[in-house]
1. Among Arg429, Arg480, Arg468, which is the only one that is among the charged types (D, E, K, R) and over 24 Å from Pro14 (Cβ atoms)?
2. Read through the list (1) part of a strand (DSSP E or B); (2) of a type in the set (A, V, I, L, M, F, W, C); (3) closer than 30 Å to Glu369 by Cα, then give the number of the only condition that Trp481 fails.
3. Given the criterion open to solvent by less than 10 Å² (accessible area, probe 1.4 Å) and within 30 Å of Ala16 (Cβ to Cβ), identify the matching residue among Pro346, Pro305.
4. For the range 387-397, state whether one or more residues are at pLDDT below 95, away from the ligand (no atom under 16 Å from the Cβ) and not hydroxyl-bearing (Ser, Thr, Tyr).
5. Where residues in the range 196-214 are assigned to a loop (DSSP other than H, G, I, E, B) and within 14 Å of the ligand (Cβ to nearest atom), which of them is surrounded by the fewest Cβ atoms within 10 Å (Cβ to Cβ)?
6. Within the range 179-195, take every residue that is among the hydrophobic types (A, V, I, L, M, F, W, C) and more than 15 Å from the ligand (Cβ to nearest atom) and give me the one that is surrounded by the most Cβ atoms within 10 Å (Cβ to Cβ).
7. Only residues that are more than 30 Å from Gly379 (Cα to Cα) and either in contact (Cβ under 8 Å) with a residue 24 or more places away in the chain or in contact with a strand residue (DSSP E or B) (Cβ under 9 Å, 6 or more places away or on another chain) (or both): list them for the range 334-362, please.
Amino acid sequence: MDVPLYLRPRVDPPLASLLGAAPFLHSLVDALGSPLNVLLPEVVAENAHRFRAVYRRHRLAGRVYFAHKANRSSALVRRLSAESPAAVGVDVASLEELRHALSCGFTGDRLMATGPKDPEFLWLAARVGATVNLDSVNELEHLAGLVRKHGLGRVEALVRLSGFESAVGRGGAGIRTLSRRSRFGTPVREAEALMSALERHTDAVELTGVAYHLDTTGLEEKVRALEQCVLFVDECRARGLAPRVVDIGGGFGVGYVADAEEWERWTTALSEAVLGGHPPLTWRGHGYGLRNEGGTVRGTAALYPGHRPTAGAGYLDELLSLPAPVLGRPSATLLLEHLHDLYVEPGRSLVDQCGLSLARVLDVRPTGEDSGQYLVRLGMNAGDVSLEEHGVLVDPVLLPRGGPEEDEEGPVGVFLVGNLCLEADLITRRLVFLPRLPRVGDLLGFVNTAGYAMDFHAHHAQRQPVARTVAVEGRGGTWRWCPDEDYWPITHPGGTSV
Ligand SMILES: *Cc1c(COP(=O)(O)O)cnc(C)c1O
């Protein structure tokens, strides 16, 4: 028997008490099928309050925009629309997300249009008075053209910058690009052309601020970008434009694994396994990007940092407290001194602890290699819980159907496989340790899947069912539910007015 290497999930209340209500979860899956997504709309509001508390602590004004792309749910967006209009908005990245947010109660002035934009998306965003987060000079010209041609009002816009660089190094070290390359945004070195384009189009497009979104966990890189945005806003003001916002995007992160030691132990064991000094931890020796080159581990593990000491609102707090590299004062102080509002666009972190994905155990059998390991087939596929797709490694929670059995054995290593007729349909390529062997009919609960994992990659291959999504709330010791599309923030799920 392998020594169990757990990666047990971080589970806060109320998600923890929902997991304690196994009979309720079983009855939901009996009625609605496997897989099933379960959401806790109250938690998204609590997360927004945590971000707002950080704003208050640093005496900053501005909005928290939920990055809608993290989850398709209506319940989450409707719950957020009930929050203070001055405090919470939505970042929409497609025409359909824009239409959805409007239908959930957001007025246009609480919306931000980001991402690649087709003409219909740009037109509707401009029509309803959304802020347009502009990617390039081309997009600015396109928008200005639409505004003039269709007689739309002047559109408020941010410009997204990328390719932030450090100042010219001393001693002839030259310019070093410090932020990772992005397909999105206008490189800082093209800022001059951007500013003249903004000046040309002031009749149609009003520059209200400057934005970045860096897909990294690196605080230093973000502080540097923030400072350069503050300086760019100053330059724009000096040229007669009137921006007042710095938008620092999303990427505040989520801690998935509860215990730092479990995370350390697992990642260390992965390196050892790649070198052959530890029994394989993964299906057919998959290395998550690591490889053995002559006895040395090479490559970088394509893994999300499963255990995070600070994430979400706490990460924003840290970012705002760090001194800016050139001006030397904390980022929050810089924003205050320059009279800038702060926008953030959290996706993953705003839906932290907001939901779980349930799957029925359909089949359990030994891998047949005399290893003591098992294949556990679930009523879901890799598209229904795309944790692996995002490099997020965390154990599911076993929710037994009945009580414990006499002959129950201890921890066991299993590979979780999906319901597609496809060798590659592995829900985990990693050996997952469970406290005991699951039985057919048990449920596995993948917790904290509301950010990108529960519906981002779901598909209709083989006509397998995609998960239904329900909103739930626990009150007075009982859990109630309703379909996601029937949730409105004026009634508790399952009846009674709020
Ligand atoms: C995806 C995205 C976000 C959200 O990122 P998270 O990592 O989920 O917080 C915010 N802004 C933009 C522009 C994005 O593309």
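1. On inspection, the qualifying residue turns out to be Arg429.
2. Here Trp481 meets the rest and fails (3).
3. Residue meeting the stated conditions: Pro346.
4. Checked against the condition, which is being at pLDDT below 95, away from the ligand (no atom under 16 Å from the Cβ) and not hydroxyl-bearing (Ser, Thr, Tyr), the range 387-397 yields at least one hit.
5. Leu214
6. The qualifying residue surrounded by the most Cβ atoms within 10 Å (Cβ to Cβ) is Leu194.
7. Result: Leu334, Leu335, Leu336, His338, Leu339, His340, Asp341, Leu342, Tyr343, Val344, Glu345, Pro346.
Residues are listed down the side, and each one gets a yes or a no for (1) at pLDDT below 95; (2) closer than 21 Å to Glu156 by Cα; (3) outside any loop (DSSP other than H, G, I, E, B):
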{"site": "Arg50", "(1), (2), (3)": "no, no, yes"}
{"site": "Ala61", "(1), (2), (3)": "no, yes, no"}
{"site": "Val77", "(1), (2), (3)": "no, no, yes"}
{"site": "Glu97", "(1), (2), (3)": "no, yes, yes"}
{"site": "Gly105", "(1), (2), (3)": "no, yes, no"}
{"site": "Asp109", "(1), (2), (3)": "no, yes, yes"}
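The values are calculated or read from the model by the stated rules, or taken from the named source; none is laboratory data. Because the structure is a prediction, the values reported are computed rather than measured. Reconstructed Cβ throughout: ideal geometry from the backbone, glycine too, with neighbour counts over all protein chains shown. Accessible surface areas use protein heavy atoms only, side chains included; no ligands, DNA or RNA. Shrake-Rupley method; radii C 1.70, N 1.55, O 1.52, S 1.80 Å.
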